[in-house]
1. Do you know which of the residues in segment A:130-156 that are farther than 14 Å from A:N64 by Cα and among the charged types (D, E, K, R) is nearest to the chain's Cα centre (by Cα)?
2. Just for segment A:72-85: of the residues that are assigned to a loop (DSSP other than H, G, I, E, B) and at the interface with chain B (Cβ under 7 Å from one of its Cβ atoms), which one is farthest from A:D183 (Cα to Cα)?
3. Taking segment B:133-166, which residues are small (G, A, S), within 17 Å of the chain's Cα centre (by Cα) and surrounded by fewer than 19 Cβ atoms within 10 Å (Cβ to Cβ)?
4. Quick check on B:V75: is it of a type in the set (V, I, T), in contact with a Cys (Cβ under 7 Å, 6 or more places away or on another chain), under 22 Å from B:D221 (Cβ atoms) and not in a loop (DSSP other than H, G, I, E, B)?
5. Which numbered condition in (1) touching a His at 6+ places or on another chain (Cβ under 8 Å); (2) buried (at least 17 other Cβ atoms within 10 Å of the Cβ) is the only one that B:A119 fails?
6. Looking at segment A:164-213, which of its residues are closer than 22 Å to B:W317 by Cα and among the hydroxyl-bearing types (S, T, Y)?
7. For segment A:39-66, name all the residues that are closer than 27 Å to A:Q91 by Cα, without any contact (Cβ under 8 Å) to a residue 60 or more places away in the chain and in a helix (DSSP H, G or I).
Amino acid sequence: MSVPYTSRRLVPPSPLPTQSARPVLGQTLAALADGINTVAGAYARSWQTVHVSQIVETAAANLNGYVHSANGVNQSIRAAYLVGPLDEALQVAVLVSSEAAGGTSTPSVTVQLEDVGGSVVDVGIKWQRSDGSLRGNEEERPNGSRRLVPTWYYSGDLRRPGLAVAALPSLPRALETVASTYDLRGAVAVVRASTVSARLHAVAILPVWGQTL
Amino acid sequence: MARTIPATLTPVDPSTLLTGEPLKATTVAALGAALNWSLAHVARAPVIAQAWAETAGSVPCARTSPVPATVAEWVIPELEGGAVVSVVVIARVRSGVAGSSHSVTVQSVNGADSFTVNATSGLDATWKAYTGTLDVAWVLSRETIRLRLAGAANAVEVASLLVYWPALASLPAGTTADGRTAVDDGELVADRPLSARVGSQLYATIDALGALPRVHLNVSDLRNVELANQDRLPPYAHQWLSPRFIDSADRAVDLYALVVASSAAAGSVIIQHSGGAGGFSASTIDFGALSVRDTKTEELRRTDRAGAYAQDLSVQWQAVRVWPQPDPATWDTLPGAMSTVDAVHSLMLWSFS
């Protein structure tokens, strides 16, 4: 059964309709059902922001209040993630510092979803400077050099389940938790990110809530 | 009386319960089943989620000394009735094999419990996820979780730690202090009256489930690790995103923050909070002179601005930003909203759903 649940906020209902000597109305029962559906649909979910710790630089030249360099910095991140029992797809946002131009390699960030055993469930999505999805953010310094400003990039909530089992990562989209023979709903997954000439500072993951249960 | 938790959620169509519709046992009983499922699953949520970036084959959360030491520490807020958390740690030894001194231990301070990964657990040079549980207990509504490492010439490394409330395997009898009550099997069927008591319990439970504590962010610095000077957030603008539910529009406080900082001179941590794309509001947390890992809390009050990024159900991203200051001698320009304490060690953000 597919039941729409409303985008109305969860209003704490009045207990008055359930007091003794009042008739039990269909409206009361329907409101209870609506409340239970909203609680399940909105809150029986999982989300988290994973802080990705970077090494604290100690060289004075690098202590200017910004990320000092990302060129040539290739990183790998494994973050355990709790998938909600109703979460069929996940939105991802990554906080990244990378150069807007130049450098020895083209910056990119790839995020894929694995189970805890390391099997790939969703082959992933890729932000890259070459297609404009990872534009980089730099500020000019008075001495003419540049410094990096961490910037958020979003996957959005558009679902393309077929791309989860493609050969290569796709443009940003929601990640699928049910793909091929895998079903990560209610399980712990591993969000695996890899970067080229980019530093990853945080990964925020939200479910794609959808409109029905 | 048993309180069964259904394996899956079967949502109840409200239109089947409206006046004029026949009250079928299957429909009314489904209310109780859906509520019990929600009771088991809504509280299931992470309280610690942190990762350490691997660069050139190593992560900063690494220890070579064979003497066990605490490398990171987090505070988690109380969940009414919560007594056990689940733990997932992704770890390895940097190369070679794990020896007798290698260990990764996650420890609850108040609950006096620990979960250890070592060679016996299968620790080796491959990144693997290890799962366990910890008993927790509450002192002033808080519990402290520690990560302790012991290494050798080949360092032990941790790439990620996840600590979360597990789904409930059984539902407690009676009503919890925050108003949640499970439905007994057979309590809601069509040939039994929907009593005032049951109706009130359903309402109170729905209300309580919408106001459970949720940890949005939990960050710890590192001490006693392979590299020195990791005991603070690096001096750049850190940001974190989390959902802002439309319910929060009714509340004066969006998030609560717990900050641990040190400072030789009096200073402040500035937490910028965005309900919207129009900019950030700032909360200033003052720390006195000679502060050493002092802990302070702050309410991050909501703004009237729209969310930064609209989502289904009107759930919006909200952002929190902390910008630790570098050595003032290295500034070439003074960025705005920069904290002035010497070191920001950790930050925890939570809300009530």
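The values are calculated or read from the model by the stated rules, or taken from the named source; none is laboratory data. Treat the numbers as computed from the prediction; the structure is a model and nothing was measured. Cβ coordinates were reconstructed from backbone atoms using ideal geometry, including for glycine residues, and neighbour counts include every protein chain displayed.
1. A:R135
2. A:V73
3. To start, the set of residues in segment B:133-166 that are small (G, A, S) comprises B:137, B:141, B:150-153, B:155, B:159-160.
Now drop any that are not within 17 Å of the chain's Cα centre (by Cα), which leaves B:137, B:141, B:160.
Once the filter is applied, which keeps residues that are small (G, A, S), within 17 Å of the chain's Cα centre (by Cα) and surrounded by fewer than 19 Cβ atoms within 10 Å (Cβ to Cβ), segment B:133-166 yields B:A137, B:S141.
4. Values: of a type in the set (V, I, T): yes; in contact with a Cys (Cβ under 7 Å, 6 or more places away or on another chain): no; under 22 Å from B:D221 (Cβ atoms): yes; not in a loop (DSSP other than H, G, I, E, B): yes.
Answer is no for this residue.
5. The single condition B:A119 does not satisfy is (2).
6. Residues satisfying the conditions are A:T177, A:T212.
7. The answer is A:V39, A:Y43.
Yes/no per residue for (1) within 11 Å of chain B (Cβ to nearest Cβ); (2) under 29 Å from B:A337 (Cβ atoms):
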| residue | (1), (2) |
| --- | --- |
| A:N64 | yes, yes |
| A:E88 | no, no |
| A:T106 | no, no |
| A:L113 | no, no |
| A:G136 | no, yes |
| A:R147 | yes, yes |
